[in-house]
1. In this structure, does Asp253 turn out to be under 28 Å from Asp44 (Cα atoms) and among the acidic types (Asp, Glu)?
2. Go through the range 275-288 residue by residue and tally those that are assigned to a loop (DSSP other than H, G, I, E, B) and in contact (Cβ under 8 Å) with a residue 24 or more places away in the chain.
3. Among the residues of the range 161-181, how many are out of contact with any Leu (no Cβ under 9 Å at 6 or more places or on another chain) and part of a loop (DSSP other than H, G, I, E, B)?
4. Could you check the range 196-241 and list, in sequence order, the residues that are out of contact with any helix residue (DSSP H, G or I) (no Cβ under 8 Å at 6 or more places or on another chain) and crowded, with 16+ Cβ neighbours inside 10 Å?
5. Residues Asp167, Asp196: which one is farther than 18 Å from Glu229 by Cβ and out of contact with any Lys or Arg (no Cβ under 7 Å at 6 or more places or on another chain)?
6. With the condition kept exactly as written, say whether any residue in the range 19-34 is at pLDDT 80 or above and surrounded by 12 or more Cβ atoms within 10 Å (Cβ to Cβ).
7. Provide a single number: the residues in the range 244-270 that are without any contact (Cβ under 8 Å) to a residue 12 or more places away in the chain and closer than 23 Å to Phe182 by Cβ.
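The values are calculated or read from the model by the stated rules, or taken from the named source; none is laboratory data. Model, not experiment: these values are computed from the prediction. Ideal geometry is used to build each Cβ from the backbone, glycine not excepted, and the neighbour counts take in all protein chains shown.
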Amino acid sequence: MISRSKSWLLLTAITLLVVACSEQESSPAMPSATQAGSGTSSSDTPKGLDYAFYKESVEPIFIRYRGGFVGSDTACVACHTVQANAPLGLVPLTEANGEVFWTEAQSQENFQNVAMLVNPSAPETSRLLMAPLAPTAGGESHSGGIFWDSTNHSEYRLISEWIASGDPNAGAEPIVDVDFAFFRSCVQPIFVNPIDNAMPCTECHSGQFAVPPPENSYWTVQQSEQAFEELLSFVDPGRPDYSRFLHKPLHPDAGGDLMHNGGRRWYSKDDPERQALEAWVRGDSTGDQCPSALQFDNPPRS
Ligand code: HEC
Ligand code: HEC
């Protein structure tokens with residue numbers, strides 16, 4: 001009798017554990033999806049852009065196989081999901097029944113994000129067109145490499161046609177500047193001030209953004225500049241939820257990454273420290289006066 005009730009207890013405990021774990025794993029890692037209804041007419045879409053055209057002709061360009069795994073041999077989506085944090089904001093693909101694809105809701109979300117990089121009032125100035133285009137043909141330098149040698153490339157032409165479908169009065173998003181002075185005074189100290197029972201970021205990211213300060217003194221300006229440069233690759237200016245810096249250390253239950261070897265620093269998006277950082281990533285916080293959530297005594301300032 002006794003042993004039977006014991007094993008029943010054990011079984012219940014295991015079941016509860018399994019349920020708890022699988023619930024954790026299934027919590028969404030994505031920033032909240034923008035759910036436009038599928039019957040949206042183009043006047044309801046961002047910048048009046050044609051969604052059907054996007055879905056049919058533009059989105060496939062982002063997953064097109066290009067024959068390899070390096071630079072411009074890679075599909076755009078390999079570098080441009082939230083996980084990889086380069087602007088474009090593509091949602092990670094869904095895998096089901098041996099196929100990879102974007103669901104309707106995911107395409108809608110991609111559409112909203114891609115729309116932020118285009119300028120229907122002057123299509124050729126759109127960031128979406130400039131990045132993959134060769135600088136010799138008027139493009140901008142792009143870490144992902146050159147995809148189009150000229151504006152005659154079929155992908156370039158399709159995308160510009162799509163952009164031209166938008167409202168001619170709709171312009172580009174303003175470029176957001178993330179402030180260095182605020183970083184140096186208010187953000188950088190986070191890296192050496194762990195929360196309870198956590199390790200400082202400097203423990204694992206010292207070769208990147210979490211450069212350790214000199215003993216008993218503040219970072220030199222040069223050290224701060226280096227750290228800022230590094231951190232910017234994990235920041236998507238204007239879009240806190242797409243910035244890996246704010247995504248990685250956030251608990252998955254609050255929409256953060258499913259995994260971070262360094263643990264969590266924020267357990268909710270309402271965390272005052274994270275909110276202060278959001279404001280900074282949106283470009284709203286500048287200068288060296290720190291809000292109360294970002295005041296630290298360590299390292300000492302001279
Ligand atoms: C090998 C990785 C990689 C691939 C492949 C790649 N990109 Fe990028 N892309 C990046 C990185 C990193 C950045 C951010 C730094 C920069 O602007 O160079 C970026 C930036 C961008 C930007 C923003 C530029 C700006 O104005 O800030 C756009 C738009 C873009 N890529 C579009 C594309 C498109 C479209 C494709 C596919 C045709 C593509 N990328 C393929 C890595 C990649
Ligand atoms: C115990 C070691 C450790 C600590 C402490 C740690 N991290 Fe990490 N972090 C990692 C590792 C390992 C990765 C890469 C693998 C992963 O995503 O977990 C990573 C990834 C990241 C990334 C994404 C980097 C990329 O290449 O995409 C960011 C951003 C980040 N951490 C921020 C932080 C911040 C901010 C802190 C401090 C609050 C911190 N981490 C503390 C180990 C750590």
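1. Numbers: under 28 Å from Asp44 (Cα atoms): no; among the acidic types (Asp, Glu): yes.
So Asp253 fails the test.
2. Going residue by residue through the range 275-288, those that are assigned to a loop (DSSP other than H, G, I, E, B) are 282-288.
Filter again for in contact (Cβ under 8 Å) with a residue 24 or more places away in the chain, leaving 282-283, 285-288.
Final tally of qualifying residues: 6.
3. Of all residues in the range 161-181, those out of contact with any Leu (no Cβ under 9 Å at 6 or more places or on another chain) come to 161, 164, 168-169, 171, 174-177, 179-181.
From what's left, part of a loop (DSSP other than H, G, I, E, B): 168-169, 171, 174-177, 179.
Count: 8.
4. Matches in the range 196-241: Tyr218, Gln223, Leu232.
5. Numbers: Asp167 fails: out of contact with any Lys or Arg (no Cβ under 7 Å at 6 or more places or on another chain).
Residue meeting the stated conditions: Asp196.
6. Start the filter on the range 19-34 by keeping residues that are at pLDDT 80 or above, which leaves none.
No, the range 19-34 contains no residue that is at pLDDT 80 or above and surrounded by 12 or more Cβ atoms within 10 Å (Cβ to Cβ).
7. Keep residues of the range 244-270 that are without any contact (Cβ under 8 Å) to a residue 12 or more places away in the chain, which gives 259, 270.
Those left that are additionally closer than 23 Å to Phe182 by Cβ: 270.
Qualifying residue count for the region: 1.
Table: residues versus (1) away from ligand 2 (no atom under 11 Å from the Cβ); (2) in contact (Cβ under 8 Å) with a residue 24 or more places away in the chain.
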residue	(1), (2)
His153	yes, no
Tyr156	yes, yes
Ile175	yes, yes
Ile190	no, yes
Gln208	no, no
Pro213	yes, yes
Leu232	yes, yes
